[in-house]
């Protein structure tokens, strides 16, 4: 719940920043001098780009959370209890040892989003965030293509 509140607060602050940037961008464009016009355009384009990227991340998070809830309701989330380090993170060697099981499940059924999502969880536990996001995106795409 705290994460959602933080996301809402950050999105609201970004929106407030965007409104100020748009206003001052328009003011600069109205000055009419080439440098001011260029700065004004930058003050409009860059915040809009940031807003688009933040919106894409929020959509990704909502869809990933939806898949997690569906998998949990089906009883399909991984149940292995992995040992933790003193900092509370999963021991990487234990996560790496489990990884082949989840990779084999994806190889056996590559068009099913469930093994892909479990593989994403395995990547995340192993600390490979880039591959975890890639596997999550694949799971999201497959779940949207194959409505069940």
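The values are calculated or read from the model by the stated rules, or taken from the named source; none is laboratory data. What you see is a predicted model, and the numbers here were worked out from it, not measured in a lab. We place every Cβ from the backbone using ideal geometry, glycine too, and count neighbours over all the protein chains shown.
Of all residues in region 46-60, one or more are touching a residue at least 60 places away in the same chain (Cβ under 8 Å) and under 16 Å from the mean Cα position of the chain (by Cα). Residues in region 104-132 that are over 15 Å from residue 71 (Cα atoms) and either in the same structural domain as residue 59 (by TED's automatic domain parsing) or touching a residue at least 40 places away in the same chain (Cβ under 8 Å) (or both): 125 alone. Flag: residue 130 matches the condition of being loosely packed, with under 11 Cβ neighbours inside 10 Å, modelled with pLDDT of 90 or more and not in a loop (DSSP other than H, G, I, E, B). Restricting 30, 63 to those that are in contact with a helix residue (DSSP H, G or I) (Cβ under 6 Å, 6 or more places away or on another chain) and either outside the structural domain of residue 123 (by TED's automatic domain parsing) or more than 22 Å from residue 120 (Cα to Cα) (or both) reduces the list to 63. Within region 73-84, is even one residue in a helix (DSSP H, G or I), touching a helix residue (DSSP H, G or I) at 6+ places or on another chain (Cβ under 7 Å) and either more than 29 Å from residue 9 (Cβ to Cβ) or at pLDDT 90 or above (or both)? Checked region 73-84: no residue is in a helix (DSSP H, G or I), touching a helix residue (DSSP H, G or I) at 6+ places or on another chain (Cβ under 7 Å) and either more than 29 Å from residue 9 (Cβ to Cβ) or at pLDDT 90 or above (or both).
Can you name the residue in region 99-113 that is outside any loop (DSSP other than H, G, I, E, B) and in contact with a helix residue (DSSP H, G or I) (Cβ under 6 Å, 6 or more places away or on another chain) and is also modelled with the lowest pLDDT among such residues? Within region 99-113, the match that is modelled with the lowest pLDDT is 99. For region 17-29, indicate whether the set of residues that are under 29 Å from residue 140 (Cβ atoms), surrounded by 11 or more Cβ atoms within 10 Å (Cβ to Cβ) and free of Cβ contacts under 8 Å to residues at least 60 places away in the same chain is non-empty. Yes: one or more hits. Being assigned to a helix (DSSP H, G or I), buried (at least 17 other Cβ atoms within 10 Å of the Cβ) and modelled with pLDDT under 90 is a description that does not apply to residue 117.
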